[in-house]
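These notes are about the structure you will find just below.
The values are calculated or read from the model by the stated rules, or taken from the named source; none is laboratory data. As the structure is a computational prediction, the values presented were derived from the model and not from experiment. Cβ placement follows ideal geometry from the backbone for every residue including glycine, while neighbour counts extend to all protein chains displayed.
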Amino acid sequence: MLKILIAVDGSELSLDGVHHALTLVRQGLQATMVLANVQEPATLYELVTTRDPDLIAAASLEAGEHLMAPARALLDAAGVAYETDVGVGDVAHTLVDMIERSGCDMVIIGAKGQGAITSALLGSVSHEVAHASPVPVTIVKHAEVLEGADSDVAEGAEV
């Protein structure tokens, strides 16, 4: 049975990866999923004002689990087995570590996420993961982009 890591960041865009994985399962692929979320490390200000690294770690874990709730709901509704993994660090490098640690056979990641500098580095995490991953990576474009392309083709066929 295949083990697929799906990167989720709480955005609607990252749910596209979950929907893609569910499509593969509906088409007969036997797979379990690993929902992966990466939290950015605490800032120096947070470290100085909190003075409790365990509290910061617990908050990161809680935030990651919260952001994965919509993805978990989709997999629960479909009856697909999964586990979750929340990491802290540089997103792309941490995802690659998660891939290796969990023994995944492939990765599904959205073309864009909701990072703080999304507009400046559009798709940079998916690009970096694709280059550094030890397993195949599927980058899923947002559904609106795909729907727009389909409607253009359909309109062209009617002419």
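So here's what we get for this one:
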item: Which listed residue is in a helix (DSSP H, G or I), among the β-branched types (V, I, T) and at pLDDT 90 or above, from T49, T23, T84; result: T23
item: Some residue of region 35-56 being closer than 22 Å to S133 by Cα, hydroxyl-bearing (S, T, Y) and over 12 Å from the mean Cα position of the chain (by Cα); result: no
item: Some residue of region 56-75 being at positive phi and free of Cβ contacts under 8 Å to residues at least 24 places away in the same chain; result: no
item: Residue match in region 54-74 (condition: part of a loop (DSSP other than H, G, I, E, B), surrounded by fewer than 17 Cβ atoms within 10 Å (Cβ to Cβ) and small (G, A, S)); result: no
